[in-house]
Amino acid sequence: MESFRNRLDKNNIPKHVAIIMDGNGRWAEKHGKARVFGHERGVESVRSVVEGAGEIGIKYLTLYAFSTENWERPKNEVDALMELLVQAIEMETESLMKNNVRLSTIGNIEAMPAKVKEKLEGCISFLDSNTGLNLVLALSYSSKWEIINAVKNLVQDSIDKKIKPEKINNELFEGYLNTAKILDPELLIRTSGEYRISNFLLWQIAYSELYFTEKLWPDFRKEDLWEAVFDFQNRERRFGKTSEQLIS
Ligand code: IPE
Ligand code: IPE
Ligand code: MG
């Protein structure tokens, strides 16, 4: 069958796609392996999807890699994930460079192990002058954490008389979120057949199109991303209006 890439409307590519990469553990179980094998295979999916996003001109790709709640997993799994992150950064930096990708993070990066922080910082500055896809990794991220953090800073600025409460609106509030400079995702994808958001980008997905697939993350490839974008392009985004209003 023809690739979904060729069927895409080039004038309607989402600028920002966010993905909840789920199902690594079940993939490993299905193949009779330890959960960590699923996480390892998941890195290959990340590589394919990052390439595929750049190839169709997506500007921002946000990947949910580790949630605040994931710290509660067994220590050996958390340790393995942190180690894998270090390895993945080392292994992928060159090809990210070749693909003109920039890197940034959202989440409580301070909570990450020193080694991960160090690798991340090095990679971010190495890729800093690239102009292609902006890859955003959500690490030790949860949306409620992000919102509470924003509120704390907002209240402090109000106490310090930097802002007046009556000036608070959507735009001003968004400036306090981790995603301050990034426009909201038009499309949110979740793999592995789970129909929930798991504390991801709650504010930012107010009007995102949601796409769920049964595929487990280690089986997801760029073609699957293009299929999701194709599905997105065939939806009508009404933002509270009627269909008739959109045509005129
Ligand atoms: C997603 O896969 C990766 C992370 C949350 C780090 P899971 O590890 O959640 O895989 P399942 O959901 O148990 O299959
Ligand atoms: C969401 O997956 C977090 C990431 C993909 C990083 P989880 O596997 O942690 O979500 P729940 O617990 O099934 O909701
Ligand atoms: Mg999961």
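Points to keep in mind about this one:
- Positions within the stretch 61-94 being surrounded by 17 or more Cβ atoms within 10 Å (Cβ to Cβ) and outside any helix (DSSP H, G or I), in sequence order: LEU61, THR62, LEU63, TYR64, ALA65, PHE66, SER67
- Restricting attention to the stretch 187-201, the residues being within 13 Å of ligand 3 (Cβ to nearest atom) and either of a type outside the set (S, T, N, Q) or not in a loop (DSSP other than H, G, I, E, B) (or both) number 7.
- Of all the residues in the stretch 31-62, those that are farther than 22 Å from GLN87 by Cα and basic (Lys, Arg) number 1.
- Restricting attention to the stretch 15-60, the residues that are part of a helix (DSSP H, G or I), under 15 Å from ASP219 (Cβ atoms) and open to solvent by 50 Å² or more (accessible area, probe 1.4 Å) total 8.
Per-residue answers, yes or no, for (1) of a type in the set (Gly, Ala, Ser); (2) within 13 Å of ligand 1 (Cβ to nearest atom):
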site: ASN70; (1), (2): no, yes
site: GLN87; (1), (2): no, no
site: THR93; (1), (2): no, no
site: VAL101; (1), (2): no, no
site: LEU120; (1), (2): no, no
site: SER129; (1), (2): yes, no
site: GLY132; (1), (2): yes, no
site: VAL155; (1), (2): no, no
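- Residue match in the stretch 193-214 (condition: under 17 Å from SER45 (Cβ atoms), surrounded by 21 or more Cβ atoms within 10 Å (Cβ to Cβ) and either modelled with pLDDT of 95 or more or among the acidic types (Asp, Glu) (or both)): no
Let's see how each residue does on (1) surrounded by fewer than 14 Cβ atoms within 10 Å (Cβ to Cβ); (2) in contact with an Asp or Glu (Cβ under 9 Å, 6 or more places away or on another chain):
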residue	(1), (2)
LEU172	yes, no
TYR176	no, yes
LEU188	no, yes
THR191	no, yes
PHE220	no, no
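- Single residue of the stretch 167-186 satisfying the filter (hydrophobic (A, V, I, L, M, F, W, C) and assigned to a loop (DSSP other than H, G, I, E, B)) that is farthest from the chain's Cα centre (by Cα): ILE168
The values are calculated or read from the model by the stated rules, or taken from the named source; none is laboratory data. What you are looking at is a predicted structure, and each value in this text was computed from that prediction instead of being measured. Quick reminder, even Gly has a Cβ in these numbers, built from the backbone with ideal geometry, and neighbours come from all protein chains shown. The protein model used for the area step is the full one, side chains on, heavy atoms only, and it has no ligands, DNA or RNA in it. Shrake-Rupley method; radii C 1.70, N 1.55, O 1.52, S 1.80 Å.
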